[in-house]
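Following: one structure in structure tokens, then a few remarks.
The values are calculated or read from the model by the stated rules, or taken from the named source; none is laboratory data. A quick note: this is a predicted structure, and the numbers were derived from the prediction, not measured. Positions of Cβ are backbone-derived with ideal geometry, glycine not excepted, and every protein chain shown enters the neighbour counts. All accessible areas refer to the heavy atoms of the entire protein, side chains included, with ligands and DNA or RNA removed. Shrake-Rupley method; radii C 1.70, N 1.55, O 1.52, S 1.80 Å.
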Amino acid sequence: KDRFGEDFDAGREFLRLTNRRAEAYPCPSPGGVGCPRSIVDHGKGMFAAVCGDQPKRCDKLILTKQDIATYEFDTRKLGTAIAVAFGIDPAFNEVTGFQQTFRVGDYHPQAGKRFPLFLTIQTDPASLRDVATRLCSTTRTAFILVVPTTTFSDLAITDLLGRQQARITVLADLFEADGGGKLEEQVVPVPMLGKVR
């Protein structure tokens, strides 16, 4: 919530509750040795976030079980939504040997043309470049690569994909907030892809 602000509700549908509890809680004045505050179980569903600094820099905060529930990103649900945006049946599978990379399905804009559709979630330019390079060498056809943001995409990646007539698409081009705190899939324009599989 702190990171995404107003955008949190729009992406909330792609989070799923886990059976794990948080072990730490954010501090209002981070930076000390005992940061972030640790969570202490007082029993009967009551918890507290306690500062570990000496002297203490943050007040003790009483929490409920709901306050320390943890969520994880549901990549399968996102993959299904991406398939819907492209108008295809989802066939979501993790790509073996690739970190956080998934095959969403096959995009077939017209008879006789079929292009693999991938989703990758990387956190730095080098990782995204590695995934793009390896997909180009193992796929050997044109394909579509969906990424969360253009932040890590650079000219080298665009050039690499262009040589294979593959395309990169960002999530912002596939979804739009509906005004009620949810995301709606947008109609995806047919990308110009070259090779027929």
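Carbon-plus-sulfur fraction of the accessible area of the range 25-91, 1.4 Å probe, in percent?
Roughly 55 percent of what the probe reaches on the range 25-91 is carbon or sulfur.
Loop-only trypsin sites (Lys or Arg not before Pro) in the range 122-168, please: DSSP not H, G, I, E or B, and at most 15 other Cβ atoms within 10 Å.
Passing sites in the range 122-168 are ARG140.
Could you give each residue of the range 67-84 its phi-based ³J(HN,Hα) in whole Hz, using Karplus coefficients 6.51, -1.76, 1.60 with θ = phi - 60°, and x for Gly or Pro?
These are the phi-based 3J(HN,Hα) values: 5, 10, 5, 10, 10, 10, 6, 9, 5, 5, 5, 5, x, 5, 5, 5, 4, 4 Hz.
Which whole-percent values make up P(r) of the range 11-60 when all C-alpha to C-alpha distances are grouped in 5 Å steps starting at zero?
5, 20, 23, 17, 14, 13, 6, 1, 0
Measuring from label point to label point, each 7 Å out along Cα→Cβ, what is the GLU94 to ASP173 span in nm?
Reported label-point gap for GLU94 and ASP173 is 2.8 nm.
So, for the range 98-169, what is the accessible surface per residue at a probe of 1.4 Å, expressed in square angstrom?
Dividing the accessible area of the range 98-169 by its residue count gives 46 Å².
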